[in-house]
Amino acid sequence: MGCLRDKQNSTAYMVKGITDPDLLFQEFRQLMINRGCAFAETDMRAMYNPTRMEVIRQVTHKLVDKINALCPGCIMPGFGVTDAKNGLPCKLCGLPTRSTLSHIYTCTHCAFTNEFFYPYGIKAEDPMYCDNCNP
Ligand SMILES: [Zn+2]
Ligand SMILES: [Zn+2]
C-alpha cells in the first residue's frame, strides 16, 4: 500500500492507498513531470486486511525504497543520501539541536539535489538532547 505526495510531509498533492506497484510507479512519474518532485511512502492507515499487512508492508517498503532511489531529475536509479544537516529544533525552547534535521539527496547521474526534512519522522527533539535546556 503506497502513498504519494509531491513532497515529504506535504498535503498539497496526495494519492493514497495505491496497491498496484505499476500504478504507483506510473503516478510517481506523472508527479515528477507535473510537479518536478515526488515522495513515496508506505501508507499503513489505509490497510484493510490486517492479516496481509506484514507482507504488504514489506513489499511496499521495497517498492518505496526503489522509487525514492530514482532521481527526480533524470528518473535514473542512484539517488541517495550524500549529506545530512543538523539543527532539529528542541521541543522545549525551539533552538536548533545537533540532531538530524534533513538529509541531502544527490543524483549520481545528473546534478539534481533534494533536501528531505525530518528523515526519522520526528519534527522536534527531546530537550534532553538540547544544549540549551540540558547543557
Ligand atoms: Zn531546548
Ligand atoms: Zn539525475
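Computed from the coordinates by the stated procedures, all read-outs in this text should not be read as laboratory data. Keep in mind that this is a model prediction, so the values were computed, not measured. Here Cβ is always computed from backbone atoms with ideal geometry, including for glycine, and neighbour counts include all displayed protein chains.
So here's what we get for this one:
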{"read-out": "Environment charge of PHE117, counting only residues whose C-beta is closer than 12 Å and scoring Lys/Arg +1, Asp/Glu -1", "value": "+2"}
{"read-out": "Dimensions (Å) - the range 76-135, Cα atoms, principal axes, largest first", "value": "44, 17, 12"}
{"read-out": "Neighbour-count order for MET128, MET76, MET32, fewest beta carbons within 10 angstrom listed first", "value": "MET128, MET76, MET32"}
{"read-out": "Alpha-carbon centroid distance for the pair the range 10-28 / the range 57-135, whole angstrom", "value": "21"}
{"read-out": "All lysines inside 22 Å of LYS7 as judged from Cα atoms, apart from same-chain residues fewer than 8 positions distant", "value": "LYS16, LYS62, LYS66, LYS85, LYS123"}
{"read-out": "Neighbourhood charge, 15 Å Cβ-Cβ cut-off, centred on GLY80 and excluding it, Lys, Arg +1 and Asp, Glu -1", "value": "-2"}
{"read-out": "Residues LEU92, LEU70 arranged by fewest to most Cβ contacts within 10 Å", "value": "LEU92, LEU70"}
